[in-house]
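Worksheet: the structure to be examined is printed underneath.
The values are calculated or read from the model by the stated rules, or taken from the named source; none is laboratory data. Predicted model, so just to flag it, every value in this text is computed and none were measured. Cβ sites come from the backbone with ideal geometry, for glycine too, and all protein chains shown count toward neighbours. Ligands, DNA and RNA are stripped out before the accessible areas are found, and what is left, the full protein with its side chains, is counted by its heavy atoms. Shrake-Rupley method; radii C 1.70, N 1.55, O 1.52, S 1.80 Å.
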Amino acid sequence: MYRFDKVGEVKAAERLEIEGKIRSQALSPETNYGAYLVFKISDDAYGLNSIPCETFVASGDRLLPTNTATLDDTINRPLHALFYGNRLHKMKERVGLNPAAPSKRQDGWLEMHIGDFFIGAADTGDITMAVTEVKGHQLKGGLIVEGIHVRLNP
């Protein structure tokens, strides 16, 4: 069951580019926020753990620090970890990063932290949030995207 009438599913793609925008005026000023990609992995997913995704938040023309995260939810699928766990380890060696893993939400969806941002009193531009994987050149599919969730940070 989905919260929205429509969700997006990546059936087969070599590049992954997910981007969302929100006007800063739609958010409370002088407040810290976090952006999260909300998604599921289908049972027949493939290629999603070949290389970590890059995540970023941009406020107007200001790019906030870039992070890396993986769409691989092996931690939530023990049998998958048993058979394919070495792939994630090899990926970390190859790329030299320790990407953040997604966490499971109470509603059954997974979420990946994209980044944090602060809305100042004078901010008037758009906030752009993105998840990209364009360097791996690996065919991937089975990603179901509900959307990008923006919420208050404590």
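Surface composition of region 96-135: carbon and sulfur atoms hold 51% of the protein heavy-atom accessible area at a 1.4 Å probe.
In this rough spin-label picture, where each label sits 7 Å from Cα along the Cβ direction, the A121-L27 distance is 1.8 nm.
Probe radius 1.4 Å, ligands and nucleic acids ignored: give me the carbon and sulfur share of the accessible area of region 1-74 as a rounded percent.
It is 48 percent, rounded to a whole number.
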